[in-house]
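These notes are about the structure you will find just below.
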Amino acid sequence: MQQVNDCFVKTKKDCLKFISSQETKKDKFKNKNKMIKSFLIPVSFWIAKRAKKKTPLMIGLAGGQGSGKTTISSILTLILQKYFKLKVFKVSIDDFYKTRKDRKLLSKNKHPLLITRGVPGTHDVDLILKFFKNVKSKNFKNLTVPKFNKAIDDRCKKSLWYKLKSKPDVVIFEGWCVGARAQKVSQLKKPINSLEKVYDQGIKWRSHVNNQLKTKYKSLFKQLDELVYLKAKNFNLLRNWRLKQERKLWVQTKNKKNLKIMSSGDVKNFMQTYQRITQQMFKDALKISSIIMNLDSNHQIEKIKLKK
């Protein structure tokens, strides 16, 4: 307990400063001290204990849309760097989305729904695998890692990409579908929402996405050492949290020209593309995760379960 208190004293200021940068006038974080001290510091100790190898510890951090992955992974990074003096590189699977041009091509060749970023098949998995290989290499050299701008729905220009100058001790790879598993073909037959019913009558889109999970993404997720999962109570809550996220994106984006920020109707349709995999992850991720953070209806961490 003394170690936790000591860590809290030394990292509290930086953590609260970051949380403050994520708040808007309408959306404020509650119980900040409890979140940091009772949950995120113990998780940081758990990670630090495992980060003593010569190769980086690869941590996957998953959770539904709007569940707080970016906030939680950022605070874990702050604690691991400040208190444990570990070199941490945090990156999102979102940063590896295919370009808008590539997704347009995919939508013509495979299925129109693949223009919409998000589902497996819309990321450049080869680029992620290359990054994983390079970051683990004994002959580590400077790495440049893509950065995606959701406000314009495309990759940032290369001059704005992440620059990784030294080999990290820990890589936090976060994303809504990180660790997701494929469904059985029989599970794909019945549509689970209006989007699937209307726009994927031939089951072509969901079959393609499922096949991506069965092949490329399975190989990718096997490379993760541990998986942290943020579990919401249900899909409707995630939808509401995702709406908040889009409002925040609008508030925080200074240049509002040519934006691809979504209306509430757009968000609801967008979320339907995520629903099948998200609901499957409610079951699968519980079995395969090293750490489960249960979220209550108010977006707070309620309890955590750590694998020994």
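Here Arg206 meets the list (1) closer than 30 Å to Lys49 by Cβ; (2) buried (at least 20 other Cβ atoms within 10 Å of the Cβ) almost entirely, failing just condition (1).
Cβ separations smaller than 7 Å between residues 6+ apart or across chains give the following pairs from the range 129-149 residues that are open to solvent by 70 Å² or more (accessible area, probe 1.4 Å) to residues that are part of a loop (DSSP other than H, G, I, E, B): Asn142/Lys165; Thr144/Trp161; Lys147/Cys156; Lys147/Trp161. State the number of residues belonging to the range 106-124 that are closer than 30 Å to Lys54 by Cα and surrounded by fewer than 19 Cβ atoms within 10 Å (Cβ to Cβ). The total comes to 1. Can we say Leu164 is more than 19 Å from Leu227 (Cα to Cα) and open to solvent by less than 20 Å² (accessible area, probe 1.4 Å)? Yes; evaluated as a whole, the condition is true for this residue. Determine the pairs where a residue that is open to solvent by 70 Å² or more (accessible area, probe 1.4 Å), located within the range 80-105, has a partner that is assigned to a loop (DSSP other than H, G, I, E, B) and at pLDDT 95 or above with Cβ atoms under 6 Å apart, the partner being 6 or more residues away or on another chain. The qualifying pairs are Lys87/Pro168; Lys87/Asp169.
Pairing each residue of the range 259-274 that is closer than 19 Å to Thr122 by Cβ and open to solvent by 30 Å² or more (accessible area, probe 1.4 Å) with any residue that is at pLDDT 80 or above and not in a helix (DSSP H, G or I), provided the two are 6+ apart or on different chains, yields C-beta distances under 7 Å for Lys260/Ala151; Lys260/Ile152; Lys260/Asp153; Ile261/Ala151.
Residues that are open to solvent by 40 Å² or more (accessible area, probe 1.4 Å) and in contact (Cβ under 8 Å) with a residue 60 or more places away in the chain were ranked within the range 293-302; the one that is nearest to Ala48 (Cα to Cα) is His299.
Exactly one residue out of Val4, Val9 is in contact with a Pro (Cβ under 8 Å, 6 or more places away or on another chain) and either at pLDDT 95 or above or not hydroxyl-bearing (Ser, Thr, Tyr) (or both): that is Val4. When Ser38, Ser74 are checked against the criterion of being open to solvent by less than 50 Å² (accessible area, probe 1.4 Å) and in contact with a strand residue (DSSP E or B) (Cβ under 9 Å, 6 or more places away or on another chain), Ser74 stands alone in meeting it. Against the list (1) under 17 Å from Ile292 (Cα atoms); (2) in a loop (DSSP other than H, G, I, E, B), the condition Ile47 fails is (2). For the range 172-194, the candidate set comprises residues that are farther than 21 Å from Ser289 by Cα and of a type in the set (Lys, Arg); within that set, the residue that is least open to solvent (accessible area, probe 1.4 Å) is Lys189.
A residue that is buried (at least 17 other Cβ atoms within 10 Å of the Cβ) and hydroxyl-bearing (Ser, Thr, Tyr) occurs somewhere in the range 219-229. Of all residues in the range 189-209, which are out of contact with any Asp or Glu (no Cβ under 9 Å at 6 or more places or on another chain), touching a residue at least 40 places away in the same chain (Cβ under 8 Å) and not basic (Lys, Arg)? If the condition is that a residue be out of contact with any Asp or Glu (no Cβ under 9 Å at 6 or more places or on another chain), touching a residue at least 40 places away in the same chain (Cβ under 8 Å) and not basic (Lys, Arg), then Ile192, Asn193, Ser194, Leu195, Glu196, Tyr199, Asp200, His208, Val209 are the ones that fit. Residues in the range 230-247 that are of a type in the set (D, E, K, R), assigned to a helix (DSSP H, G or I) and either open to solvent by 40 Å² or more (accessible area, probe 1.4 Å) or closer than 22 Å to Ser44 by Cα (or both): Arg239, Lys244, Arg247. Scanning the range 152-161 for residues that are of a type outside the set (Phe, Trp, Tyr) and either part of a strand (DSSP E or B) or surrounded by fewer than 17 Cβ atoms within 10 Å (Cβ to Cβ) (or both) gives Ile152, Asp154, Arg155, Cys156, Lys157, Lys158, Ser159, Leu160. Residue check: Lys52 meets all listed conditions (1) at pLDDT 95 or above; (2) more than 20 Å from Lys133 (Cβ to Cβ); (3) over 10 Å from the mean Cα position of the chain (by Cα) but one, namely (1). Kindly indicate whether any position in the range 103-121 is in a strand (DSSP E or B) and either closer than 24 Å to Val43 by Cα or out of contact with any Gly (no Cβ under 8 Å at 6 or more places or on another chain) (or both). Looking through the range 103-121, none of the residues is in a strand (DSSP E or B) and either closer than 24 Å to Val43 by Cα or out of contact with any Gly (no Cβ under 8 Å at 6 or more places or on another chain) (or both).
The values are calculated or read from the model by the stated rules, or taken from the named source; none is laboratory data. In this text, all values refer to a predicted model and were calculated from it rather than measured experimentally. Counting neighbours? That spans all protein chains shown, and the Cβs are built from the backbone with ideal geometry, glycine included. When the accessible area is computed, the model is the full protein with side chains, heavy atoms only, and any ligands, DNA or RNA have been set aside. Shrake-Rupley method; radii C 1.70, N 1.55, O 1.52, S 1.80 Å.
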